[in-house]
Every structure is written in C-alpha cells, then in structure tokens.
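This report concerns only the one structure given below.
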Amino acid sequence: NPKRLNPVDGEMVGAPDGGWGWIVLLGCFVVTGFSYAFPKAISVYFKELMKDFDCGYSDTAWISSIILAMLYGSGPIASIMVNKFGCRRVMLVGGLLASGGMIIASFTTNIIQLYLTAGVITGLGLALNFQPSLIMLGSYFDKRRPLANGLAAAGSPVFLSALSPLGQLLLNRYGWRGGFLITGGLLLNCCTCGAVMRPLKCKERKVIACSQELKEMLPPEAGQENIVCENNNDKKPSKKKLLDFSVLADLGLIIYIIAKFIVVLGLFVPTILLVNYAKDQGVPDQDAAFLLSIIGFVDIFARPTCGVVAGLKWIRPKMPYFFSLALLFNGLTDVCSATSTDYKGLVIFCVFFGLSYGMVGALQFEVLMGIVGKSGFSSALGLVLLVEAVAVLIGPPSAGYLVDKYKNYELIFYMAGGELITAGIFLALASFFFIRRKKHKDRQQKHHGDVPINIKT
C-alpha cells in the first residue's frame, strides 16, 4: 500500500488522509467511546450505590461529574505531557490509570473513596487518552478531517449503546463491585489504542518540505515521536511552549469557550439522570438502561452523517452557525420533553436527544480546530477543557440537588434545555458580529494596500 508508513526507516511514502490514519481513527473511536460514554453508562449503578452507601441523587451524580471534570480539567496537564513526551507514551499511562481506578473502586467502602478512585483516577486516565488521540487524528487527516472527526465521535454512541445494557447485566449478575472490576479490565483496551498511535514521520527533501502545520503540532522533543523531519539544510527549530496561552488572543476562541461553558452546564444532565428517572417512574431496570442504548443507537448515525454534511464546501465556512443550530435543537428537545413520564414518551425523547446530541458531538472539535488551526489545537483544547471542567462540576450535581429537594424531574429538563438554548443563541450572535467586524476590517486593510490578515472563525 503506497500510503502506508514504513516503521523501519520512518519514511512516509504518501500523504496523510489515509493509510495508517484509518487505524489511528479506529483507536480514536475506541478512546472517544470510553471517554464520553463511560461517565453516562456508570449511572446504571447509581441505585445500588445509593442503597449501599445511604446517599442521594446528588451524591451519586458527583461520580459522573468528577470523571467528566477530570476529563476536561486535566486538559492542560495532558497538553503539557503530550508536548513533552508525545502522544503514544501519554496514552499508555492513561490506559493504566483508567483501568486501575475502576479496579480499586471495586474494593471501596464509602462514597468518598469512589470519588477518588472511579472519579479522579479513572477520569485522569481517560483524559490522558482522549486529548492525545484527537491530536493524532488531526495530524493524520486534513481534507477528510470533518469526516474523520464525525467517525471518531461516533465511538461515544456506539459504546453508550453497549456499555449501558452491559452494565445492567453485570450489576444483576455480579453486583456493582464485580461490574466495576470487569469494567476496569475493559478499560485496558485504551493501552492498545495508545500503542497503535504510530508517530507520523516524513523525510524532507530540498524541494518537498513537511507540512508546516504538522511540524508545529508538537515541539522538538515530542516531534521526535510524532513528526520526524530530516533536512540538513534547515536550522534547528526553536523550542515551543508546553502550553501556549497566546491562543487566547483570538476573540473567536474566547467566544467558543464562553459558549461551551454554558453548554456543558446542561449537556450531560439528562443522560446522567435519565436511568434513575425512568426507574423512579416504575420502568423495569433493563428497560431503563435500554433508554441510553436508544440514544446511543441514534447517535451512531447522527455523528458520521453530521460530519459528512459539515464537510460540504458551503457548510464548512459557516461551521459556528451549524454548531449553534445543533445546540438549539438539543435544548429544545430537553424543554419539549420535560413532561414525558411514560416509557413511550421517554423513548421519543431519547430518539430526538440522540440526534441532537450527535450533532453537537460531531461538530464541537471541528469548530475549535477551525478557529485555532492545527498548530494551536493542542493548547486550545487543553484550555477549553479546563474551563468546561468547572461547568461539569456545577451542572449534574446541581440537577441532582434539585431532584433531592423538590422531587421533580421536570426542573432538570427545563434547566438543561434553557442552558443549551442560551449557548446556541449566544454563539450564533457573537459569531455573526465577530465575523462581520473582521471582514469589514480586512476590506479596509485591503483598500489601503495593507496585507490582509487571515482570520479563522
């Protein structure tokens, strides 16, 4: 295959957007599946944990929130480690941590210990897998990047469809401790995904140079693992900061960060509390767990389809508006389904939620990469996830507190939906005025004979 990489001499015999990139995509698919589906699928154990540890909804919701907070909040740490040691090593360590956290959690005796093991340790391990996998995916794909992001993002619904009923099955057969132990073994597959993240190598010649974007992806130390460029005529590149805060100078990134903070306040609330809500309505345990599988099944088709649509030449330049539409769709789904109490109504909610959630998942990182480009993606992603970590520690526990206090699930759907709608409107309006102002400025500079500035939005 002319597009494959030769691991012996490190010479790339073809361009990215194919070859070993499909294996990298598969690894990213698995990592994304565990990272996003696991914090939701673990909710099938919450009823048993509430009984064993004598705690409420808000207490168990903290487990998912801590996992997601570590996934997001460890972004800067992951960025620094990737830039220092490279993607493959970081992912191998992350896989061991994710697995070890769940194995240790199976021996815990109180809810605080669960927070530290299943929450902090496993969450950190997932974070050290998730971000490097996205960076490697961005290295291997350019023209097909929207499709690659959509396919990788489909890992979340596929794993959600599988992990939720599997968790209920393990719970019924082995109890929550046995379920946690087996899940810890499954998470070792993250190490396999890290192992397939083959460094992207290229050999420069006098006329043909390596892609500058790929060279800037990581600094020299990590570049030895991810991108090796040989050219005796070139000077040694200067070192790059481990975490580049200069990306915050981009107003488009600031708008994106604010919008994502609002989004994360409510995005995960319905899925984390849905199973408990259905069980409280008298739905059998297996059927309640199956609701998450419905979301995941619809999401499977929504993400790749959305990725294909996002790659259309007349859609890609307007990606922030497409993302805003997805946020509005998701928020309206929550609000319109707030009064659903029977199983049929919950199934309908899950279908529309899976569709809208899949759109959000497929577009979020494509929008970010469109704003900062490949060279700034690692640092930007770390900073964005850090901000989102604060939001995810507020959203689900607050929703659980409302349920504990008022015994009314409608409130959490109105709360989550309102936050998504607010974020969608804000992103659309802010992007419109930002883009229009930048275009006007560029026209003025061109009129005066200045060199126009390329603004990514």
Note to self: Give me a comma-separated list of calculated 3J(HN,Hα) values for the range 193-200, in order, Karplus coefficients 6.51, -1.76, 1.60 applied at θ = phi - 60°, integers in Hz, x for any Gly or Pro.
What the structure shows: 4, x, 5, 7, 6, 5, x, 7
Note to self: So for the range 268-372, considering every pair of alpha-carbon atoms, how many percent are separated by more than 19 Å?
What the structure shows: 45 percent
Item checked: Selection of trypsin sites (Lys or Arg not before Pro), the range 289-378, meeting DSSP coil and at most 12 other Cβ within 10 Å -> Lys313
Check: What number comes out for the charge environment of Asn110, summing +1 per Lys or Arg and -1 per Asp or Glu over other residues with Cβ under 13 Å away?
Finding: -3
Notebook entry, point to check: Quick one: which of Lys143/Lys318; Lys47/Lys407; Lys84/Lys374; Lys279/Lys344; Lys260/Lys407 span more than 23 angstrom between C-alpha atoms?
Noted result: Lys260/Lys407
Next item on the list: Determine how large the accessible area of Trp20 is when every protein chain is in place; take a 1.4 Å probe and give Å² rounded to the nearest 10.
Entry: 40 Å²
Checklist line | Loop trypsin sites (Lys or Arg not before Pro), the range 89-169 (other Cβ atoms within 10 Å of the site Cβ: 13 or fewer; DSSP) | finding: Lys143
Notebook entry, point to check: Can you give the percent of C-alpha pairs in the range 16-107 whose distance is more than 23 Å?
Noted result: 37 percent
Item checked: Most to least packed among 291-299, 409-417 [average Cβ atoms within 10 Å] -> 291-299, 409-417
Margin query: Please report the carbon-and-sulfur percent of the accessible area for the range 32-95; probe 1.4 Å, protein heavy atoms only, DNA, RNA and ligands left out.
Written below: 58 percent
Next item on the list: Count charges around Val275 for me, please; just the other residues with Cβ under 14 Å from its Cβ, Lys/Arg as +1, Asp/Glu as -1.
Entry: -1
Checklist line | Square roots of five times the Cα gyration tensor eigenvalues for the range 243-321, Å | finding: 35, 20, 9
Next item on the list: List the equivalent ellipsoid semi-axes of the range 63-189 in whole Å, largest first, each obtained as the square root of 5λ for an eigenvalue λ of the Cα gyration tensor.
Entry: 27, 18, 11
Notebook entry, point to check: If you roll a 1.4 Å probe over the range 288-375 with all protein chains in place, what percent of the accessible area is carbon or sulfur?
Noted result: 78 percent
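The values are calculated or read from the model by the stated rules, or taken from the named source; none is laboratory data. Keep in mind it's a predicted model, so treat the numbers as computed, not measured. FYI the Cβ positions are ideal-geometry reconstructions off the backbone, even for glycines, and counts take in every protein chain you see. Protein only, heavy atoms only, side chains kept; ligands, DNA and RNA dropped before computing areas. Shrake-Rupley method; radii C 1.70, N 1.55, O 1.52, S 1.80 Å.
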